[in-house]
Amino acid sequence: MAAAGYFAPRSGCIVVSWAGGVFQRSLAMWNAGRKPNRHPFDDAILAAKRAKPAPYEFVLDALAPLSPVTRPMFGCVAVYVEDKILLILREKRKSPADNGVWLATTVAHHESLRQEFPQMRSIRVFGKEPTQWQLLPADDSDFEAAAMRACKLVLARDPRIGKIPKRRSIRARIAPPRRRQDRG
């Protein structure tokens with residue numbers, strides 16, 4: 001079966017005809033559906049290459065009974081159980097000062113947690129003021145033991161670790177409409 005195709009400049013369409021009929025498609029649609037020099041498996045391969053293992057996987061292993069969910073956040077890995085964010089696992093080579101396990105807590109719990117984790121400190125990236133996030137630094141000699149103690153507190157459902165993120169309003173999630181300028 002022979003097919004003939006041509007570009008129709010007046011309509012801006014590509015027309016392909018063959019013995020069974022005619023197929024017509026606009027040039028924009030024709031090019032939009034094509035990805036030049038791409039194989040269908042390329043997207044899957046690229047996605048697999050992008051997925052990095054989570055830093056400090058022993059933390060996720062320890063929390064496995066709670067079925068934690070991980071999500072990327074600020075180039076780190078956020079750890080959630082149900083609707084509560086518990087930890088962030090951070091390991092960045094360019095700025096290692098705040099690498100380690102970030103604990104989601106409140107300022108009111110800092111002192112009681114510091115008794116259990118003397119090496120715990122505020123996160124430097126956020127500035128000098130204490131924030132609701134505290135860090136168990138990866139460069140501490142007792143890091144793995146401290147991280148495992150934090151996991152035990154999470155498994156025991158200690159209310160000092162974890163918080164339910166505030167829901168953003170629909171308006172905050174959707175960009176506000178742009179005002180049209182009157183043309184007079």
Note, segment 73-90: 3J(HN,Hα) by Karplus (6.51, -1.76, 1.60, θ = phi - 60°), whole Hz, Gly/Pro = x, goes 8, 6, x, 10, 10, 8, 10, 10, 10, 6, 9, 9, 7, 10, 9, 10, 9, 10
When the Karplus curve 6.51 cos²θ - 1.76 cosθ + 1.60 is applied with θ = phi - 60°, which whole-Hz ³J(HN,Hα) does each residue of segment 143-150 get, with x for Gly and Pro?
4, 5, 5, 5, 4, 5, 5, 5
Length gain on complete extension for the stretch D139 to K52, per 0.36 nm per residue less the alpha carbon to alpha carbon distance?
29.2 nm
Tell me which aspartates and glutamates have Cα within less than 20 Å of K52's Cα, excluding those fewer than 8 residues away on the same chain?
D42, D43, D61, E91, D98
Separation of the Q132 and A97 label points, Cα + 7 Å toward Cβ, nm:
2.4 nm
Kindly put V59, V69 in sequence by how many other C-beta atoms sit within 10 Å of each C-beta, fewest to most.
V69, V59
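Here, each number is a calculation from the coordinates, and none is a lab measurement. Predicted model, so just to flag it, every value in this text is computed and none were measured. Cβ coordinates were reconstructed from backbone atoms using ideal geometry, including for glycine residues, and neighbour counts include every protein chain displayed.
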